[in-house]
Amino acid sequence: MDAKTNLKAKLPSRHVTEGPARAPHRSYYYAMGLTKEQIHQPFVGVASCWNEAAPCNISLMRQAQAVKKGVAAAGGTPREFCTITVTDGIAMGHGGMKASLPSREAIADSVELTMRGHAYDALVGLAGCDKSLPGMMMAMCRLNVPAIFIYGGSILPGNFRGQVVTVQDMFEAVGRHSVGTLSDEDLDEMEQVACPSAGACGAQFTANTMATVSEAIGLALPYSAGAPAPYEIRDRFCMTAGEQVMDLIKTGLRPRDIVTRKALENAAAVVSASGGSTNAALHLPAIAHECGIDFSLFDVAEVFKKTPYIADLKPGGRYVAKDMFEVGGIPLLMKTLLDHGYLHGDCMTVTGRTIAENLKSVKWNDKQDVVHPANKPITANGGVVGLKGNLAPEGAIVKVAGMAELKFKGPARCFDGEEACFDAVKNRKYKEGDVLVIRYEGPKGGPGMREMLATTAALYGQGMGGKVALITDGRFSGATRGFCIGHVGPEAAVGGPIAQVRDGDIIEIDAVNGTISVALSDAELAERKKSWKPRETEAGSGYLWKYAQQVGPAVAGAVTHPGAKAEKISYADS
């Protein structure tokens, strides 16, 4: 028995390729053109979220071919398959957004089922949009086979009459258009130039936030998550990932060896340091759940609190992901955090080396101002803050990167659903100083925990971004800026305090001290709850109905199954 055969004898694919009983199985592989040698090599699933739904996914199939070449060059047999993506930019502002967060679970589940059903030995996963990144990383941790994550890359910034623009500017342009400060012609011109290439939204919105996480958590190769989608260097990263995953099969290094509590803290640190998306506070607990690690919104918030904000990235700052890549990439950000004690350097990565070893040769670039040294930050506290109080006993989250005022107090204006609030904003039926409360948009209540970018962008377009606050049990986009508090829990659908708030109640938000409260006593909240009744959602059947029955609270990541703690046997060991 040679080394290759001995290796195969320990891998899941032995169940479909080895021995006389598997002759029918092998006949299928011969039908697809595989040779005898290829059939008896390790099988590597190459999963991509390719589709024609949006530019974030359109380059993934091309990149998958480079991964396959790397796998084959290193003695493996690549097996390509695709899964779904729901793209937030197109789902935004209508009922389609209810499919966004549930798609994260569908991605993880479908990758798991494909890998299990065909007994693949390892996984290289390519993803390009907000929920596909965490969904793919969740699948890797759930299966616990050797795995490497690849981000499809960010879009290039647009140019509108000499001004750098992103899709964030497009959403805010809708608000400007609604108040007559942007003409039909200008809006039409801007929409044709805002997104000039393949790739995910270019600023530090959710996709680039989770791409940054992929390197910091150790599942992606250094520098691979920073290169924009059109750059040819992406194919080199993909080829290398295909080769490297074969090395991981030989060494037995698996995702749960990499994604430890310290690695999750590293991931939270880069989110805070880069002024990243509040959605990370939902996705990091979900990834942790797949590893059997308790890491809630409050744990994420603790890291946020002690990590400085150092990357001057949009939406709160001046630069986009391409700019950070070109001055040193995510390793530059991580290096200064490591040097000043904000990262755990002993965490293992898919390179087979630790974070500290990967970053050893990274030199500081003092000829740029995209990333500040961690000892000379933009602000001493992180760009994202966790909140807690009688309005949110299970916590809430707010992005403060780029904000001047970190406290807000005002009367509540309550809306049961985003559409009602957007209509009020569009028609300017609100007042400066109001706290707009959008509820029944949580994981169960939506169902699906929609993002509210259309509403917040409209406010900014009207020049009211810092003059009102928004609170929701749903989510805010990574492109959102201003006093926008999401993930309020418990959600309205289960009778949380947000369901008991009435118009005129005074709400106070303090992002300095991490509190959010409504000026009501516990007794008054309890009295109001007596008359509260659950509301039916519009999802009476189908996937959204099923999701609403299974999904847990946002504080724990809005997950839909018991996680690794309840696992009887890991797929990788089956």
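Of all residues in the range 126-160 being assigned to a strand (DSSP E or B) and of a type in the set (V, I, T), which is nearest to A54 (Cα to Cα)?
Restricting to residues being assigned to a strand (DSSP E or B) and of a type in the set (V, I, T), the top hit is I150.
Could you list, in sequence order, the residues of the range 532-574 that are open to solvent by 30 Å² or more (accessible area, probe 1.4 Å), modelled with pLDDT under 95 and either among the polar types (S, T, N, Q) or within 27 Å of the chain's Cα centre (by Cα) (or both)?
Selection gives T537, E538, S574.
Only one of (1) within 16 Å of I485 (Cβ to Cβ); (2) at pLDDT below 90 is not met by P393, so which one is it?
(2)
Which condition from (1) under 20 Å from G199 (Cβ atoms); (2) not β-branched (V, I, T); (3) not in a loop (DSSP other than H, G, I, E, B) is the one that P315 breaks?
(3)
Does the range 18-33 hold any residues that are open to solvent by less than 80 Å² (accessible area, probe 1.4 Å) and farther than 15 Å from G45 by Cα, and which are they?
Scanning the range 18-33 gives E18, G19, A21, R22, A23, P24, H25, R26, S27, G33.
For residues in the range 72-91 being touching a Ser or Thr at 6+ places or on another chain (Cβ under 7 Å) and open to solvent by less than 30 Å² (accessible area, probe 1.4 Å), which is farthest from I233 (Cα to Cα)? Before you say what the answer is, go through the steps one by one.
Initial filter on the range 72-91 (touching a Ser or Thr at 6+ places or on another chain (Cβ under 7 Å)): 81-86, 88, 91.
Filter once more, so that each one left must be open to solvent by less than 30 Å² (accessible area, probe 1.4 Å): 81, 83, 85, 88, 91.
Details: F81: 23, T83: 24, T85: 24, D88: 27, A91: 30 Å.
So, considering only residues that are touching a Ser or Thr at 6+ places or on another chain (Cβ under 7 Å) and open to solvent by less than 30 Å² (accessible area, probe 1.4 Å), the one farthest from I233 (Cα to Cα) is A91.
Quick check: is even one residue across the range 466-480 of a type in the set (F, W, Y) and over 21 Å from A558 (Cβ atoms)?
No, because not a single residue in the range 466-480 is of a type in the set (F, W, Y) and over 21 Å from A558 (Cβ atoms).
Considering only the range 215-255, state which residues are under 20 Å from the mean Cα position of the chain (by Cα) and either surrounded by fewer than 18 Cβ atoms within 10 Å (Cβ to Cβ) or under 12 Å from F149 (Cβ atoms) (or both).
E215, A216, I217, G218, L219, A220, L221, S224, A225, P255
Go through the range 532-556 and report how many residues are assigned to a loop (DSSP other than H, G, I, E, B) and either under 17 Å from P447 (Cβ atoms) or acidic (D, E) (or both).
Result for the range 532-556: 11.
What strands (runs of 3 or more DSSP E) completely inside the range 320-434 contain at least 2 residues that are open to solvent by 40 Å² or more (accessible area, probe 1.4 Å)?
Details: elements: 384-389, 392-399, 407-416.
Here the list reads 392-399, 407-416.
Considering only residues of the range 499-531 that are open to solvent by 40 Å² or more (accessible area, probe 1.4 Å) and part of a helix (DSSP H, G or I), which is nearest to G442 (Cα to Cα)?
K529
The values are calculated or read from the model by the stated rules, or taken from the named source; none is laboratory data. These figures come from a predicted structure and were not determined experimentally. Neighbour counts are summed over all protein chains in view; Cβ atoms, including those assigned to glycine, are modelled from backbone coordinates with ideal geometry. Accessible surface is based on the protein model in full, side chains and every heavy atom, while ligands, DNA and RNA are left aside. Shrake-Rupley method; radii C 1.70, N 1.55, O 1.52, S 1.80 Å.
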